[in-house]
Every structure is written in structure tokens, then in C-alpha cells.
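A quick write-up on the structure given underneath.
The values are calculated or read from the model by the stated rules, or taken from the named source; none is laboratory data. Quick caveat: nothing in here was measured; it's all calculated off a predicted structure. Reconstructed Cβ throughout: ideal geometry from the backbone, glycine too, with neighbour counts over all protein chains shown. Quick note on the areas: whole protein, heavy atoms, side chains included, nothing else; ligands and nucleic acids left out. Shrake-Rupley method; radii C 1.70, N 1.55, O 1.52, S 1.80 Å.
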Amino acid sequence: MAKKAAGVPKQTLARALGAAGAAFGLVSVVAPKAVAGAYGVPVTPGGLQLQRLFGSRALVISALALTAKTDEEADRGLAAVAAMNLLDSVTALATAKNAGTRTTVTAVVSSLAYGAAALAVRAMKK
């Protein structure tokens, strides 16, 4: 795999993914209604609480990429992002009957895209 993608080094791409994940997490914590609306999730007190919990989880996972000092640390963080998003996709598909089509499709597509991006960056040469 290449050392750079479009001239951007692996470490920079890993940090960019971390920043994107942290931004999503922060919005989920401070403005959960906006994220719930984007995913087609009903806005209820319990749903907003869960949205905030997912946001805090995204912030913690993103911190791995943002604080990585070595390629090995970055690779572990990227693997965690990919694994978390794969599990989210499987969970969304397993509960699709109850969640509705829009929510399921949005969850699966966004999770697979973010997880695939993490794996692509992880596969780059050091």
C-alpha cells in the first residue's frame, strides 16, 4: 500500500479520521437532536441519552487516533475504529426490523464508510 494518499501521509490521514470522529462525537453529546434527526431516530429523552452515550464513545475512540505517537498506536486506534463500526453495522442490520429503513441504511452506510476509511489508512505503509 502507498505511504501517502493524494500526497497526504498516513499519520495525517489517521488524525483527520480521528478529528472527524471527535466532531461527530461532540455533536452527538452537545446537540443529540441534530444527529438523531439525521439518522431518522425518534427524539425521545431516552433516545437522546443513548445518542449522547454513542457520542462519548466516539470521542474516546477518536482520542486514540488523535493522541497516537507511533504508527503502531495509530494502527491500533484505526483497528478499533474499524471493529467498532463493523459491530455497529451488524447490530444495525440485526435490529433493522424495529429501527426502520432510513435509520438502518444511514447507520450501516455511515458505519461501513468510516470503518473502511480506517482500514484503508491502516493498510498504508508506514
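Grab the DSSP H runs of the chain that are 4 residues or longer, score each as -39,500 (n - 2.57), total them, divide by all residues and round the 222 nm result to the nearest 500 deg cm²/dmol. All intermediate terms of the calculation are to be shown ahead of the outcome.
Details: 6 runs with 102 residues, N = 126.
My calculation for the chain gives -27000 deg cm²/dmol from helical runs alone.
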- Query: Can you give the angle from 0 to 90° between the axis of helix 10-30 and the longest principal axis of the chain, with both taken from C-alpha atoms, to the nearest 10?
  - Reply: 20 degrees
- the chain - charge dipole about Cα centre, Lys and Arg +1 at Cβ, Asp and Glu -1, debye rounded to 20: 220 debye
- Of all accessible heavy-atom area on the chain, the percent that carbon and sulfur account for (1.4 Å): 70 percent
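Give me the accessible area per residue for the chain, probe 1.4 Å, as a whole number in Å².
Details: 7160 Å² over 126 residues.
Heavy-atom accessible area per residue stands at 57 Å².
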- Task: Quick one: how many lysine pairs does the chain have with C-alpha atoms less than 19 Å apart and a gap of 8 or more or different chains? Give me the count, please.
- Result: 11
- Among V60, T95, L112, which residue has its Cα positioned farthest towards the positive end of the charge dipole of region 53-126, with +1 placed on the Cβ of Lys and Arg, -1 on the Cβ of Asp and Glu, and the dipole taken about the Cα centre? T95
- Task: Could you tell me how many degrees, from 0 to 90 and to the nearest 10, lie between the Cα long axis of helix 101-122 and the main elongation axis, the longest principal axis, of the Cα atoms of the chain?
- Result: 10 degrees
- Query: Taking only Cα atoms, what is the 0 to 90° angle, nearest 10, from helix 71-94's long axis to the longest principal axis of the chain?
  - Reply: 30 degrees
